[in-house]
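What follows is a single structure, written as structure tokens, with notes after it.
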Amino acid sequence: MTEAEITSVLLLEVPPGLALTAEQVTGTVCVWCVAPLTDDARVDLGGRGTFRPHSCARCHQALTDMHTIRAQWYEHCESCETCQADARCVYADVLRLHYAEVRRTAGRQPMTCLSCGQEMTWAERCRPVNAIGFSRPLRGFAHIVACPQPKLRRASA
Ligand SMILES: [Zn+2]
Ligand SMILES: [Zn+2]
Ligand SMILES: [Zn+2]
């Protein structure tokens, strides 16, 4: 991915303005981990006008890694005949596991399936899905072949 592509996908990771504090909007703290930022150690996320979110170097690196691996995984699935046939592909498995790991490192929730809405563990076969959302591009994931039956929720005590 190019730097410009990374910047545009990272901006999509920024929570909507209403959910942010003034410090997050103006970039005096990291928009994700809210660590205080100094001018020389902050990354501009490319907002406009008064919406100028910035991030710390650590969050920026973690999310850059996450999206770089996701892009590799997505491109693989799009170009691999095995994956296109929904067959088990060892390369896709490796990319999925790598992605799950960097996603965890970035502090993100586990992936959920766009089709069935269920959370997916690292062991479940799935693939990245890029679609057009209501107001922004949607980058999600979906189970391969068929979604499993919804797991019965354990009754909370
Ligand atoms: Zn941060
Ligand atoms: Zn493949
Ligand atoms: Zn599913």
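Using a 1.4 Å probe, how large is the accessible area of H67, given in Å² and rounded to the nearest 10?
Here the residue's solvent-accessible area equals roughly 10 Å².
Select from C59, L97, Q84 the residue farthest towards the positive end of the dipole of the stretch 53-113; place +1 on Cβ of Lys and Arg, -1 on Cβ of Asp and Glu, and compute about the Cα centre.
Result: C59, furthest along the dipole toward the positive end.
Compare V31, V102, V90 in a GNM of the chain, Cα atoms joined below 10 Å, and give the one with the largest fluctuation.
V90
Given C-alpha coordinates of the chain, what is the ratio Rg to Rh with the Kirkwood estimate of Rh?
My calculation puts Rg/Rh at 1.02.
Normalised by the residues of the stretch 1-139, what does the relative contact order come to in percent, with Cα pairs under 8 Å and at least six apart?
17 percent
Once you order the gyration tensor axes a ≥ b ≥ c over the Cα atoms, which shape class does the stretch 64-155 get: rounded for a/c under 1.5, otherwise prolate or oblate by comparing a/b with b/c?
Since a/c stays below 1.5, the shape of the stretch 64-155 is classed as rounded.
Does the stretch 1-58 come out rounded, prolate or oblate, given a ≥ b ≥ c as the square roots of the eigenvalues of its C-alpha gyration tensor, rounded meaning a/c under 1.5 and, failing that, prolate meaning a/b above b/c?
The shape class here is oblate.
I'd like the carbon and sulfur percentage of the solvent accessible area for the stretch 19-130, probe radius 1.4 Å, heavy atoms only, ligands and nucleic acids excluded.
With neighbouring chains kept in place, the figure for the stretch 19-130 is 53 percent.
Looking at the stretch 1-69, which trypsin sites (Lys or Arg not before Pro) are in a loop (DSSP not H, G, I, E or B) and have at most 11 other Cβ atoms within 10 Å?
Sparse-neighbourhood loop trypsin sites (Lys or Arg not before Pro): R48.
Just name one of V43, M120, F134: the one whose Cα is farthest towards the positive end of the charge dipole of the chain (beta-carbon charges, Lys/Arg +1, Asp/Glu -1).
Checked the options; the winner is M120.
Within the stretch 79-157, report the trypsin sites (Lys or Arg not before Pro) that DSSP leaves as loop and that have at most 16 other Cβ atoms within 10 Å.
Numbers: sites: R88, R96, R103, R104, R108, R125, R139, K151, R153, R154; in loops: R88, R108, R125, K151, R153, R154.
Of the trypsin sites (Lys or Arg not before Pro), the ones in loops of the stretch 79-157 whose Cβ has at most 16 other Cβ atoms within 10 Å are R88, R108, R125, K151, R153, R154.
The values are calculated or read from the model by the stated rules, or taken from the named source; none is laboratory data. Computed from a predicted model, the values in this text were never measured in an experiment. Counting neighbours? That spans all protein chains shown, and the Cβs are built from the backbone with ideal geometry, glycine included. The accessibility values were calculated without ligands, DNA or RNA, using every heavy atom of the protein model including side chains. Shrake-Rupley method; radii C 1.70, N 1.55, O 1.52, S 1.80 Å.
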